[in-house]
Amino acid sequence: MSADAPAPRDARARLDALFAKVEGFFTAAQEREGEAITCHAGCSDCCRRFTVTGLEAEVIREGLAALPDGRRDELARRADDDTTDVCPALDADGRCAIYAHRPVICRTHGLPIRFTEQRAGRSLPMLDACPKNFVGRDLAGVSAASVMDQATLSTILGALDAADADERGRPRGERAAIVELLRGAPPRAT
Ligand code: SF4
């Protein structure tokens, strides 16, 4: 475990703290940016078939375990539909069936994101957002306080997941597709 990784038994609690922090960041950005961020319940354009860390997978399993059997079966059936790339946790009304247990990536949906893209051997800084948000605005002019830095978030989540992996004795870097979790399939190592 690296020197700055949290104590293993803290990993789950610290993921909850990270969830809260990302949600707080989102709320503050929404208040700051006003109508430029149009995200609302029922808008689900971001809901695709993501993979998540082993630690986040555990949280989703907790959420699934709390659902009635029939509901779980319904989600498993949706997960078996490979004719779409829409997340099978998305209900027909555009709401998430595992909302309280959704992973970090889903909690950043709608925020402007700063990330790095590799092109022709070069690392290029990029800034992007949902095309429904900041319409007609140059993202470069958006307050830095409203922009989520993907590298920082990934580093924090990776450290928490590594700590959790050490605690459980599972391989570090293990990821699971939300589709597999809804089907009830075991995680896979990467
Ligand atoms: S887990 Fe929920 S919020 Fe995340 S992509 Fe699936 S339906 Fe959307």
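The values are calculated or read from the model by the stated rules, or taken from the named source; none is laboratory data. Computed from a predicted model, the values in this text were never measured in an experiment. Virtual Cβ from ideal backbone geometry, glycine too; neighbours counted across all protein chains shown. These accessible areas exclude ligands, DNA and RNA; they are computed on the full protein's heavy atoms, side chains included. Shrake-Rupley method; radii C 1.70, N 1.55, O 1.52, S 1.80 Å.
Worth pointing out:
- Candidates are the residues of region 84-124 that are within 11 Å of the ligand (Cβ to nearest atom) and of a type in the set (D, E, K, R); the one that is nearest to Ala28 (Cα to Cα) is Arg107.
- Residues that are within 13 Å of the chain's Cα centre (by Cα) and open to solvent by 20 Å² or more (accessible area, probe 1.4 Å) do not occur anywhere in region 52-70.
- Residue count, region 18-54 (criterion: of a type in the set (A, V, I, L, M), within 15 Å of the ligand (Cβ to nearest atom) and assigned to a helix (DSSP H, G or I)): 1
- Qualifying residue in region 5-14 (condition: closer than 17 Å to Met148 by Cα and either modelled with pLDDT of 95 or more or surrounded by 12 or more Cβ atoms within 10 Å (Cβ to Cβ) (or both)): no
- The combined condition, being open to solvent by 40 Å² or more (accessible area, probe 1.4 Å) and under 18 Å from Val179 (Cβ atoms), is fulfilled by Thr84.
- A single member of Leu127, Leu111, Leu90 is over 17 Å from Ala41 (Cβ atoms) and aliphatic (A, V, I, L, M), and it is Leu127.
- Screening the candidates Arg61, Arg71 for the property of being closer than 30 Å to Arg170 by Cβ, out of contact with any helix residue (DSSP H, G or I) (no Cβ under 8 Å at 6 or more places or on another chain) and either within 16 Å of the ligand (Cβ to nearest atom) or not small (Gly, Ala, Ser) (or both) yields one hit, Arg71.
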